[in-house]
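Worksheet: the structure to be examined is printed underneath.
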Amino acid sequence: MTKKFDVIILTEPRYVNPTKKDIYTENVLKEDNYVKLALEKLHLKVGRISWDDPNFDWSSTKYILFRTTWDYFDRYPEFSDWLNKVSQQTILLNSEKIIRWNIDKHYLLDLQKNGVHICESYFIEKGDSDTLKKLAIKHKLNEFVLKPCVSGCARHTYKINPKNIENYEEIFTELIANEAMILQPFQYNIVEKGELSLMVMNGKFTHAVLKVAKEGDFRVQDDFGGSVHKHTPTQNEIDFAENAVKNCIELPIYARVDIFTDNNGKLAIAEIELIEPELWFRNHPEAADELANGIQQLIQQNEENR
């Protein structure tokens, strides 16, 4: 079968043909367009549609590239079913295997086993009957953060201490009945120094940003008033990020590695985003070209191996 497209860039319904364009939406469109133009410069046939488009024939494209599918965790059962089906019809970037691995933050334990330093983390499995207070005592936690293993945009992320822990017992009981959670000691350097995001294309660092929480908050996401600044990382930070990517279950074509200095003064992984991370191409458009070159190489390799 002749493929109509080389690459389909995936977004979600809100960003297909938006009528209202706030700065957030403008950035989404700008980011996707950088990738589209970079691919088209290489004479690739490119389309951009929502992942849940019921009328698109997924077998008509060689690859699909996950970019701004930012509603997937709110519609996870539907997204998971779709992922099963579409992975049988075309090639996913990043792959279904690595997407499913990355969705659940238990992947941090795999990185840790491979020698990558992660944030101190305690995984509380679904159905656990311990109270938050009992868990805090067990793991010697005073001030800590509670969050789900499958999440995004700081969903159900709470800062807890001895003064407010009773206020979160009920919501913790409700959450743990349905999903696994993580407890992590509160990381003071994220508030004081910020969190670094290093973009890695085809295994190589391209650019970085520094994310800073607004005064009085600990969440660096712009959804909560966080700000983003250009950043020139040290070689040590670059090596740390590239090594983390190399220790994923397979090499992703793109990754965003979020790192910080932990309470013990060591570089640590906050998380690695391999599904639909914001990659700040608008800060460094050359990174979109780097991504496009990697996709073109994959297409050529697969055609030569037929």
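Quick rundown of the values:
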quantity	calculated
Residue count for the stretch 242-259, restricted to those that are closer than 16 Å to residue 112 by Cα and not in a helix (DSSP H, G or I)	7
Residue 52, sole failed condition from (1) in contact with a strand residue (DSSP E or B) (Cβ under 9 Å, 6 or more places away or on another chain); (2) outside any helix (DSSP H, G or I)	(1)
Residues satisfying the stated conditions in the stretch 260-303, i.e. modelled with pLDDT of 95 or more, in contact with a helix residue (DSSP H, G or I) (Cβ under 6 Å, 6 or more places away or on another chain) and part of a helix (DSSP H, G or I)	281, 287, 288, 289, 292
Residue that is farthest from residue 156 (Cα to Cα) [pool: residues in the stretch 193-236 that are modelled with pLDDT of 95 or more and assigned to a helix (DSSP H, G or I)]	235
All positions within the stretch 47-65 that are touching a helix residue (DSSP H, G or I) at 6+ places or on another chain (Cβ under 8 Å) and surrounded by 21 or more Cβ atoms within 10 Å (Cβ to Cβ)	51, 63, 64, 65
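Table: residues versus (1) modelled with pLDDT of 95 or more; (2) in a loop (DSSP other than H, G, I, E, B).
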residue	(1), (2)
116	yes, yes
128	yes, yes
133	yes, no
136	yes, no
147	no, no
155	no, yes
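Every residue, every condition in (1) within 16 Å of the chain's Cα centre (by Cα); (2) surrounded by 17 or more Cβ atoms within 10 Å (Cβ to Cβ); (3) more than 27 Å from residue 40 (Cα to Cα), yes or no:
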| residue | (1), (2), (3) |
| --- | --- |
| 252 | yes, yes, no |
| 261 | no, yes, yes |
| 265 | no, no, yes |
| 273 | yes, yes, no |
| 279 | yes, yes, no |
| 284 | no, yes, no |
| 291 | no, yes, no |
| 295 | no, yes, no |
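The values are calculated or read from the model by the stated rules, or taken from the named source; none is laboratory data. All of these numbers come straight from a predicted model, not from anything done at the bench. We place every Cβ from the backbone using ideal geometry, glycine too, and count neighbours over all the protein chains shown.
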